[in-house]
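Enquirer: Sharing a structure here in structure tokens format.
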Amino acid sequence: MITDEKIIDRFMDKVLLPTVEGTCWIWTAGLTKKGYGQFKMNRKNHQAHRVSWEIFREEPLIDGLELDHICHCRNCINPSHLRQGDHKENMANLSEAGREVRRENGRKRGRKARGENHGKSKLTEAQVIEIKELLTNTNLSQKEIGKKYGVSRMQISKIKTGRAWSHLNPTINPPSLNDGKDNISS
Ligand SMILES: [Zn+2]
């Protein structure tokens, strides 16, 4: 979580905000070799999209989990375009977009095992929305809901905590840089 207004202002100065709500927020400063935005904070370089998550999203950024762009635009820092997932999920997401990286047999395989087996999810967005409603409005347990949709309890838990499908969260709007300054205690 980043709350320092000075850092947030400095960060947002480097962002080209969209004219159409909900589209990408483009990072205009330096990029890493891989094409992610780069932001210097506390004398260290950080990936800009990760910083954006820490500014705007309430869920903590889990160490070791990759932060994936659902818009597949690496220099975008729109916090509602980001979703946390493990490497395997990220790769699945990439290949869905037809941008499979030839790394299948690469080094990262060692990181696959993460305890519980999650059932392979084939949920549609509509189903995820239904599940969110069931979680909020009924007394069904996560296990029961999982059974109903043929996925593991873990998967339901991830949906509940926002670790999966967080792109279905409502759109987050950028802070207005000129208004709101009066909120800063000086
Ligand atoms: Zn985006």
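Enquirer: Any residue in segment 44-57 that is away from the ligand (no atom under 16 Å from the Cβ) and either aliphatic (A, V, I, L, M) or assigned to a loop (DSSP other than H, G, I, E, B) (or both)?
Expert: Looking through segment 44-57, none of the residues is away from the ligand (no atom under 16 Å from the Cβ) and either aliphatic (A, V, I, L, M) or assigned to a loop (DSSP other than H, G, I, E, B) (or both).
Enquirer: When both residues are 6+ apart or on different chains and their Cβ atoms are under 9 Å apart, which pairs have a first residue that lies in segment 68-93 and is not assigned by TED's automatic domain parsing to the domain that holds residue 14, and a second that is modelled with pLDDT under 90 and within 11 Å of the ligand (Cβ to nearest atom)?
Expert: none
Enquirer: What number of residues within segment 58-85 satisfy the criterion of being within 14 Å of the ligand (Cβ to nearest atom) and not small (Gly, Ala, Ser)?
Expert: Number of matching residues: 16.
Enquirer: Regarding segment 26-41, can at least one residue be identified that is assigned to a helix (DSSP H, G or I), at pLDDT 95 or above and closer than 18 Å to residue 173 by Cβ?
Expert: No, the conditions are met nowhere in segment 26-41.
Enquirer: Restricting attention to segment 3-25, report how many residues are in a loop (DSSP other than H, G, I, E, B) and surrounded by 15 or more Cβ atoms within 10 Å (Cβ to Cβ).
Expert: Count: 5.
Enquirer: Further question on the same structure: Of 21, 5, which residue is within 16 Å of the ligand (Cβ to nearest atom) and in contact (Cβ under 8 Å) with a residue 60 or more places away in the chain?
Expert: Testing whether each residue is within 16 Å of the ligand (Cβ to nearest atom) and in contact (Cβ under 8 Å) with a residue 60 or more places away in the chain leaves just 21.
The values are calculated or read from the model by the stated rules, or taken from the named source; none is laboratory data. Not measured: the values here are computed from a predicted model. Reconstructed Cβ throughout: ideal geometry from the backbone, glycine too, with neighbour counts over all protein chains shown.
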